[in-house]
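Down below is the structure, laid out as structure tokens.
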């Protein structure tokens, strides 16, 4: 079972990752509050992520990652934060940089993203 994750699923994994940086205990209501999305939409997305093996929902409703879910969540989070920094360094406002990074993070190839990271490392100083 090697399912390809949908873009909205990546967004929910990234949101869970961000929330877990702040607190180990995250429930679906926390994602609802963070995203402003309807409870039914969040519930449906989380159930799909669970069924596809990206997250675990325990008997108390707490969310956690499977290994492959955490890997994808970190990948998207890393892309988001890196691209946001790049756009800000180019003179884009923080708000616009965040918004644009959100669009790019799902579609940029691994090759291009790694080249951007390498370029950033080289020109850090």
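Among 62-73, 113-124, the peptide with the highest mean count of other Cβ atoms within 10 Å heads the list, and the full ranking is 62-73, 113-124.
Per residue, the chain reaches -22500 deg cm²/dmol at 222 nm when only DSSP H runs of four or more residues are counted, each adding -39500 (n - 2.57). For the chain, the longest principal axis of the Cα atoms and the long axis of helix 110-122 meet at an angle of about 50 degrees. Dividing the mean sequence gap of close Cα pairs (under 8 Å, 6+ apart) by how many residues region 74-122 holds gives a relative contact order of 40 percent. Please list the equivalent ellipsoid semi-axes of region 74-122, computed as the square roots of five times the alpha-carbon gyration tensor eigenvalues, in descending order and whole angstrom. Those come to 16, 13, 8 Å. Evaluating kT/(6 pi eta Rh) at 4 °C and 1.567 mPa s, with the Kirkwood radius of region 7-71 over Cα pairs in the Stokes-Einstein relation, gives 113 µm² s⁻¹. FRET efficiency for the residue 40 to residue 71 pair, using the beta carbon distance and R₀ = 30 Å, is estimated at 0.60. For the chain, the relative contact order is 22 percent, taking Cα pairs closer than 8 Å that sit 6 or more residues apart in sequence and dividing their mean separation by the residue count.
The ellipsoid equivalent to the alpha-carbon distribution of the chain has semi-axes of 28, 16, 13 angstrom, derived from the gyration tensor eigenvalues as √(5λ) and listed largest first. Working from Cα positions, state the angle (0 to 90°, nearest 10) between the long axis of helix 7-22 and the longest principal axis of the chain. Once rounded, one gets 90 degrees.
No value in this document is a laboratory result; all are computed from the given coordinates. Note that the structure is predicted; figures quoted are calculated from it, not measured. When we count neighbours, we look across all protein chains shown, and the Cβ atoms used for this are built from the backbone with ideal geometry, even at glycine.
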